[in-house]
Every structure is written in structure tokens, then in C-alpha cells.
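> Handing you a structure now.
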Amino acid sequence: MAVLGFTVDPTGRWLVWAAAALLFGIAAVDLVVRPRLRADPFGVTVRALTGTTSAPWPQVAVSLRQHQRFGRSVANLELEVGPDVERDLEGKLIVLGRRELGADPEEVAAQLTALRSAL
């Protein structure tokens, strides 16, 4: 009876519907912003809810950051996109994890580095 909010008590019903709404929201965001990262010989494009960021390869710095989270080693792909990242002019830092990329960040970083060096 607890499925889909048909519980006996009002608090349980509210919690089930709140959880369902949260899961629906996460699924909707994933549908709207996929694919998050797109790369081609000209540069990269990153999609987010706030808009799309595109930059040619000379304006992109790719790095991989490893850190500990909840006792596990976690990798994140960091893209520094700006007017001129080689001269340290102000830019934008985009951090993408495994969930946003849909693949291992280490593999994506290797592919981006290979694509960038192929130019």
C-alpha cells in the first residue's frame, strides 16, 4: 500500500510524493542537458541548465583531479575555459564527474588530450 503515496498516514504520503518529485526532477534535468560535454577538432561545448559554453581548443585547459570522498578515490574532469588560459586571463572552471560525463573521467581526459594534440 505504500507505493505511489497511498500510505495510511499523511506524513508518509508526503514523503513518498516528495521523493517521487525529486527523482522526476533529476531525470528531467538529465534529459535536458545530455550530452553535457561534446568535443570535436575545433573545440569543446559544455551544456548546463544555465546555458551552453563553447570554446576553441586554444582557450581550453584540461586537467584531471583526484580526491578522497567518503573513503573512496574520486576523479573529476576540470575544464578551464577562458579568453586565454595559457596567459592566465580570467576564465570559467567547469568540473564534471562520472555521472555528468557518463564515462570514467580519466578516459574522457585521455580522449580530450588526444583530440587536442591531434590538431
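> Test of understanding: what is the full-extension gain from Thr45 to Val33, defined as 0.36 nm times their sequence separation minus their Cα-Cα distance?
Numbers: separation 12, 0.36 × 12 = 4.32 nm, distance 1.17 nm.
The Thr45-Val33 span can extend by a further 3.2 nm.
> What net charge do the residues around Arg36 carry, taking every other residue with its C-beta under 14 Å from that of Arg36, with Lys and Arg at +1 and Asp and Glu at -1? Don't skip to the end; give the middle numbers.
Numbers: positive: Arg34, Arg38, Arg47, Arg98, Arg99; negative: Asp30, Glu78, Glu100.
Overall, the nearby charge balance is +2.
> State the answer as a single residue: which of Gln111, Pro41, Gly97 lies farthest towards the positive end of the charge dipole of region 36-117, with beta carbon charges of +1 for Lys and Arg and -1 for Asp and Glu, about the Cα centre.
Gly97
> Quick one: angle between helix 105-117 and the longest Cα principal axis of the chain, in degrees between 0 and 90, rounded to 10, please.
Roughly 30 degrees between the two axes.
> Mind listing the phi-derived Karplus ³J(HN,Hα) values for region 28-42, rounded to whole Hz, using 6.51, -1.76 and 1.60 with θ = phi - 60°, and x for any glycine or proline?
5, 4, 4, 5, 6, 9, 7, x, 6, 10, 10, 10, 9, x, 8
> List the longest stretch of the chain that has no exposed loop site; here a site is one of the chymotrypsin sites (Phe, Trp or Tyr not before Pro) assigned by DSSP to anything other than H, G, I, E or B, with at most 11 other Cβ within 10 Å.
Values: sites that count: Phe6, Phe42, Phe70.
The longest uninterrupted stretch comes out as 71-119.
> Once the piece of chain linking Leu23 and Gln66 is laid out straight, how much longer is it, given 0.36 nm per residue of separation minus the C-alpha distance between them? Don't skip to the end; give the middle numbers.
On the way: separation 43, 0.36 × 43 = 15.48 nm, distance 2.82 nm.
12.7 nm is the gain from fully extending Leu23 to Gln66.
> Additional query: As a test of the formula, what do you get for the chain when each DSSP H run with n ≥ 4 contributes -39,500 (n - 2.57) and the sum is divided by the residue count, at 222 nm and rounded to the nearest 500 deg cm²/dmol? Could you put the intermediate results ahead of the total?
On the way: 3 runs with 41 residues, N = 119.
The per-residue figure over the chain is -11000 deg cm²/dmol.
> Then there's this: Given charges of +1 on the Cβ of Lys and Arg and -1 on the Cβ of Asp and Glu, with all other atoms neutral, how large is the dipole of the chain about its Cα centre, in debye to the nearest 20?
Values: 13 positive and 13 negative charges, 71 e Å.
Charge dipole, the chain, about its Cα centre: 340 debye, nearest 20.
> Here's a follow-up. Select from Val46, Val74, Val95 the residue whose mean-square fluctuation is largest in a Gaussian network model of the chain (Cα-Cα springs shorter than 10 Å).
Between Val46, Val74, Val95, it is Val74 that shows the largest mean-square fluctuation.
> Right, something else. Around Arg98, what is the net charge, scoring Lys/Arg as +1 and Asp/Glu as -1 over all other residues with Cβ under 15 Å from its Cβ? Numbers along the way, then the final one.
Values: positive: Arg34, Arg36, Arg65, Arg69, Arg72, Arg99; negative: Asp30, Glu78, Glu100, Asp104, Glu106, Glu107.
Counting the neighbours of Arg98, the net charge comes to 0.
Bear in mind these aren't lab numbers, they're just calculated from the coordinates by the rules spelled out. Just so we're clear, the structure is a prediction, and the values are computed from it rather than from any experiment. Virtual Cβ from ideal backbone geometry, glycine too; neighbours counted across all protein chains shown.
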